[in-house]
Amino acid sequence: MRHFGPGLVSGASDDDPSGIATYTQAGAQLGFAACWIMPLCYPMMVVTQEISARIGRATGGGIIAALARHYPPWVAYLVSWLVVFANVVNLGADLGAMADVVHGLAGGPRLLYVALFGVFCAGLLIWLSYHSYVRAVKWAALSLFVYFLTAFNISIPWSSVLRHTFIPTLPTDGTGLTILVAAIGTTISPYLFIWQSSLEGERARHAGMMVAAVVAYMVMVTAAATLHPAGVTHVETTAQAAEALRPVAGPFAYAAFSLGILATGLLAVPMLAGSASYALAEGLNWPTGLGRKPREAPAFHTAIALAVLAGIAMNIAGIDPVRALIWSAVINGVVAAPVLVLMMSIAVRPPIMGQLALRGLLVIGGYMTAATMGFAAIVAITTIAL
């Protein structure tokens, strides 16, 4: 376990509450026909994290810092502010999902839970040392295995699951296509690139992405085996997903799914706030680093607190979390493709990257991933416009 650090944290945080809601919706809407999505995403997840990590290791900084050094300043400013906006919206939706789950389990004031979770998550980053934080969250990542327990607590026709896993079935209607694009968009997001590049210090990236992909796969299988046959095909939030499981999969599945949402939220919210702060600080050339104490990087740590406060304020203002997540996914998808192209233009240059410059399959995989994300962004924009 000591070899697992940012890679496992990035992977676990990729399965945040909003992601769980998307994967549940995919299984509920498409049934087992959604099972091939994660095998498609996994190679792209590995490629993007490998490229991000190499940039971080070769340049000694994050992706935004690299963009600031090698492109006009407005490029880094634009990307950093788009990432900050998408992260805050995603963060606010995750806090709302966690509060909804606690409210459903124990009752009580939802907004109080939002505030408590926000303060706790910000405190994890600001007051814990980086090594203590990584040590805590990598063990907390084990909580993701509740989704395996949920899946194996129900009856699943594995022959059908395996057939749809290896034989893709493209959705033919607009709703199914939107779900497909959303699943890809929520899995490969710019905040993961920034987090991985800024905190690169280990080699366990592939394992971390495997954790994320397998957990997402099991969530889809669970929804496909329970909600889809029951006719529950419209799930907008993680709280709805957990509640929908209660009558068709039993109280254990409901409780495990709910606790998993809380655990993934506690992993993802600090990472969303942290990556937003890294993006902003690197774009504005502030001192950065979770390894620095608040007095050593005051603006960086203040940005973490402000990101969380903005997420709390989003819930207090009553902004529709579903619509917010849609726009967050669209922005992430739109930003991901050009950011990947910019990353590739840096990562293939030996004068910048040295021996870590991309070659061969990584170059092909990087540009194919950028093209896929670009297509997904076009589809998402077209679908929303129509």
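The values are calculated or read from the model by the stated rules, or taken from the named source; none is laboratory data. Note that the structure is a prediction, hence the values are computed from the model and not measured.
Quick one: which residue in Ala141, Ala136, Ala212, Ala225 is over 30 Å from Ile346 (Cα atoms) and modelled with pLDDT of 75 or more?
Exactly one of Ala141, Ala136, Ala212, Ala225 is over 30 Å from Ile346 (Cα atoms) and modelled with pLDDT of 75 or more, namely Ala225.
Within region 1-40, which residues are modelled with pLDDT of 90 or more and under 14 Å from the mean Cα position of the chain (by Cα)?
Met38
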